[in-house]
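Undergrad: Have a look at this one.
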Amino acid sequence: MNLPSFAEVRDAAARIAPHALVTPVMRSDRIDALVGAPIVFKCENLQRGGAFKYRGATNAVWSLTEDEAVRGVVTHSSGNHGNALAMAARTRGIPAHVVVPEGAVKAKLDAIVAAGATLHRCEATTAAREAKAAEVQAQTGATLVHPYADARVMAGQGTVVPEMLRQALGLDTVLVPVGGGGLASGCAIAAHGIDPSIVVLAAEPEGADDAARSLEAGARVGSFTPHTICDGLRTLIGEPNFHALRDHGVRVLRVSDAETIAAMRLLWTELRLVVEVSSATVLAAALRYPQYLAGRRTGAVLTGGNVDIDALPW
């Protein structure tokens, strides 16, 4: 099973330190009152590239041998991972190829191009993304850096947890969004490497709840058609990611798009934070399921801030 160890998360933290930002944590008295428990937000929307994805991409790029690096990297991504990989590749001076599905957010596509990557378009299905990435890899010899089912990426994403625990002392619960599962699995490995008693929760859209259904069934569900505004969470959970969530006892909390949009607005009005709808699922989950946060101190990861302002649903 392609999963990183806690030692690899620590190695990733050292590897990305020269490149990634230490993002701030923020809180609000009013949000605490609405949730009924203290909650702090780890602002990865302020990370380089506007998303936590820069952590995993940078760890993957700087893990390559010189022979691998010269041939570049390739991935498929709805936006943030592609942008992060392009930016990370630029720090090492190597080529980056990004396969992007139709319907991706324009702001994210513009960022990928601005970072110097070569774009390759495909249909908006997991199978089409993977097939096109394999085609580009065969043509270029580039190393595939999967957006979530890659141990180097998971280890890099997991670095957000020890950083957050140092900034906000006494946290005993970690809450993250889940799509493909790279962040959720990396954070679960990191959290339990530090303290096995930490509770790890994951927020998932009702219209793309394959992670929840997979954990309930005890086996990863097959292909599905997502119906959610959360474009960053429309991906089927990865095989190794599912096993990590299951093995670490991660509970997935479903939220509606309406609840997520309301949470997005609340983060703006209370903290003046611009976040993507996918990020706001964590606050939506905290508000819908206060019983899982009661009597606890929670750290919630706001995963990205690459918002297409013209397309906002308000």
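Undergrad: Of the residues 283, 293, which single one is open to solvent by less than 40 Å² (accessible area, probe 1.4 Å), out of contact with any Cys (no Cβ under 8 Å at 6 or more places or on another chain) and under 15 Å from residue 42 (Cβ atoms)?
TA: Details: 293 fails: under 15 Å from residue 42 (Cβ atoms).
From the options 283, 293, the qualifying one is 283.
Undergrad: Related question: Identify all residues within region 54-82 that are of a type outside the set (Lys, Arg), assigned to a helix (DSSP H, G or I) and open to solvent by less than 10 Å² (accessible area, probe 1.4 Å); write none if there are none.
TA: Step one: of region 54-82, the residues of a type outside the set (Lys, Arg) are 54, 56-70, 72-82.
Now restrict to residues that are assigned to a helix (DSSP H, G or I): 54, 56-61, 66-70, 80-82.
Scanning region 54-82 gives 54, 56, 57, 58, 59, 60, 61, 69, 81, 82.
Undergrad: Scan region 166-212 for residues that are within 17 Å of the chain's Cα centre (by Cα), closer than 18 Å to residue 222 by Cβ and part of a helix (DSSP H, G or I) and jot them down.
TA: If the condition is that a residue be within 17 Å of the chain's Cα centre (by Cα), closer than 18 Å to residue 222 by Cβ and part of a helix (DSSP H, G or I), then 208, 210, 211, 212 are the ones that fit.
Undergrad: Can you find even one residue in region 16-33 that is farther than 26 Å from residue 264 by Cα, modelled with pLDDT of 95 or more and either in a helix (DSSP H, G or I) or within 16 Å of the chain's Cα centre (by Cα) (or both)? First the steps, then the outcome.
TA: Here is the first cut: in region 16-33, the residues farther than 26 Å from residue 264 by Cα are 16-19.
Going one step further and asking which of them are modelled with pLDDT of 95 or more, we end up with 16-19.
Those left that are additionally either in a helix (DSSP H, G or I) or within 16 Å of the chain's Cα centre (by Cα) (or both): 16.
Yes, region 16-33 contains a residue that is farther than 26 Å from residue 264 by Cα, modelled with pLDDT of 95 or more and either in a helix (DSSP H, G or I) or within 16 Å of the chain's Cα centre (by Cα) (or both).
Undergrad: Now for a separate question. Considering only residues of region 253-280 that are of a type in the set (Val, Ile, Thr) and open to solvent by 50 Å² or more (accessible area, probe 1.4 Å), which is farthest from residue 310 (Cα to Cα)?
TA: Residues of region 253-280 that are of a type in the set (Val, Ile, Thr), as a first pass: 255, 260-261, 269, 274-275, 277.
Then keep just the ones that are open to solvent by 50 Å² or more (accessible area, probe 1.4 Å); that gives 269, 274.
Numbers: 269: 19, 274: 14 Å.
Ranking the qualifying residues of region 253-280, first place goes to 269.
Undergrad: So which residues in region 89-107 are in a helix (DSSP H, G or I), out of contact with any strand residue (DSSP E or B) (no Cβ under 8 Å at 6 or more places or on another chain) and closer than 20 Å to residue 19 by Cβ? Reasoning before the result, please.
TA: So the first thing to find is which residues in region 89-107 are in a helix (DSSP H, G or I), and the list is 89-92, 106-107.
Then keep just the ones that are out of contact with any strand residue (DSSP E or B) (no Cβ under 8 Å at 6 or more places or on another chain); that gives 91-92, 106-107.
Matches in region 89-107: 91, 92.
Undergrad: Might you let me know whether region 124-139 holds any residue that is crowded, with 24+ Cβ neighbours inside 10 Å, out of contact with any Gly (no Cβ under 7 Å at 6 or more places or on another chain) and in contact (Cβ under 8 Å) with a residue 12 or more places away in the chain?
TA: First pass over region 124-139, keeping only residues crowded, with 24+ Cβ neighbours inside 10 Å: 133.
Narrowing the set further to residues that are out of contact with any Gly (no Cβ under 7 Å at 6 or more places or on another chain) leaves 133.
Remaining after also requiring in contact (Cβ under 8 Å) with a residue 12 or more places away in the chain: 133.
Yes.
Undergrad: Something else about it: Run down 155, 191, 184, 211 and say which single residue is without any contact (Cβ under 8 Å) to a residue 60 or more places away in the chain, within 16 Å of residue 52 (Cβ to Cβ) and crowded, with 24+ Cβ neighbours inside 10 Å.
TA: Going through 155, 191, 184, 211 in turn, just one is without any contact (Cβ under 8 Å) to a residue 60 or more places away in the chain, within 16 Å of residue 52 (Cβ to Cβ) and crowded, with 24+ Cβ neighbours inside 10 Å: 191.
Undergrad: Consider residue 307 against the criteria (1) touching a strand residue (DSSP E or B) at 6+ places or on another chain (Cβ under 9 Å); (2) at pLDDT below 95; (3) farther than 19 Å from residue 157 by Cα: it satisfies all of them except one. Which criterion is unmet?
TA: Exception for residue 307: condition (1).
Undergrad: Let me ask another. How many of the residues making up region 13-22 are open to solvent by 50 Å² or more (accessible area, probe 1.4 Å) and under 14 Å from residue 164 (Cα atoms)? Walk me through it before giving the result.
TA: In the first step, residues of region 13-22 are kept if they are open to solvent by 50 Å² or more (accessible area, probe 1.4 Å); the result is 14-15, 17-18, 21-22.
From what is left, the residues that are under 14 Å from residue 164 (Cα atoms) are 21-22.
Count: 2.
Undergrad: Select, from 9, 25, the only residue that is touching a residue at least 12 places away in the same chain (Cβ under 8 Å), surrounded by fewer than 21 Cβ atoms within 10 Å (Cβ to Cβ) and in contact with a helix residue (DSSP H, G or I) (Cβ under 6 Å, 6 or more places away or on another chain).
TA: Working: 9 fails: surrounded by fewer than 21 Cβ atoms within 10 Å (Cβ to Cβ).
On inspection, the qualifying residue turns out to be 25.
Undergrad: Determine if region 228-244 includes at least one residue that is open to solvent by 50 Å² or more (accessible area, probe 1.4 Å), closer than 23 Å to residue 284 by Cβ, β-branched (Val, Ile, Thr) and touching a helix residue (DSSP H, G or I) at 6+ places or on another chain (Cβ under 7 Å).
TA: Initial filter on region 228-244 (open to solvent by 50 Å² or more (accessible area, probe 1.4 Å)): 229, 234, 239.
Still in the list and also closer than 23 Å to residue 284 by Cβ: 229, 234.
Cutting the leftovers down to β-branched (Val, Ile, Thr) gives us 229.
Now restrict to residues that are touching a helix residue (DSSP H, G or I) at 6+ places or on another chain (Cβ under 7 Å): 229.
Yes, because at least one residue in region 228-244 is open to solvent by 50 Å² or more (accessible area, probe 1.4 Å), closer than 23 Å to residue 284 by Cβ, β-branched (Val, Ile, Thr) and touching a helix residue (DSSP H, G or I) at 6+ places or on another chain (Cβ under 7 Å).
Undergrad: I've got another one for you. Among the residues of region 108-160, how many are within 23 Å of residue 228 (Cα to Cα), in contact with a strand residue (DSSP E or B) (Cβ under 8 Å, 6 or more places away or on another chain) and assigned to a loop (DSSP other than H, G, I, E, B)?
TA: 5
Undergrad: Which of the following residues is closer than 23 Å to residue 308 by Cβ and of a type in the set (Gly, Ala, Ser): 89, 37, 84, 69?
TA: Values: 89 fails: closer than 23 Å to residue 308 by Cβ; 37 fails: closer than 23 Å to residue 308 by Cβ; 69 fails: closer than 23 Å to residue 308 by Cβ.
Step by step, each of 89, 37, 84, 69 is checked, and only 84 is closer than 23 Å to residue 308 by Cβ and of a type in the set (Gly, Ala, Ser).
The values are calculated or read from the model by the stated rules, or taken from the named source; none is laboratory data. What you see is a predicted model, and the numbers here were worked out from it, not measured in a lab. Because the Cβ atoms are built from the backbone with ideal geometry, glycine has one as well, and the counts that use them run over all protein chains shown. Side chains are part of the model used for accessible areas, which takes the heavy atoms of the whole protein and leaves out ligands, DNA and RNA. Shrake-Rupley method; radii C 1.70, N 1.55, O 1.52, S 1.80 Å.
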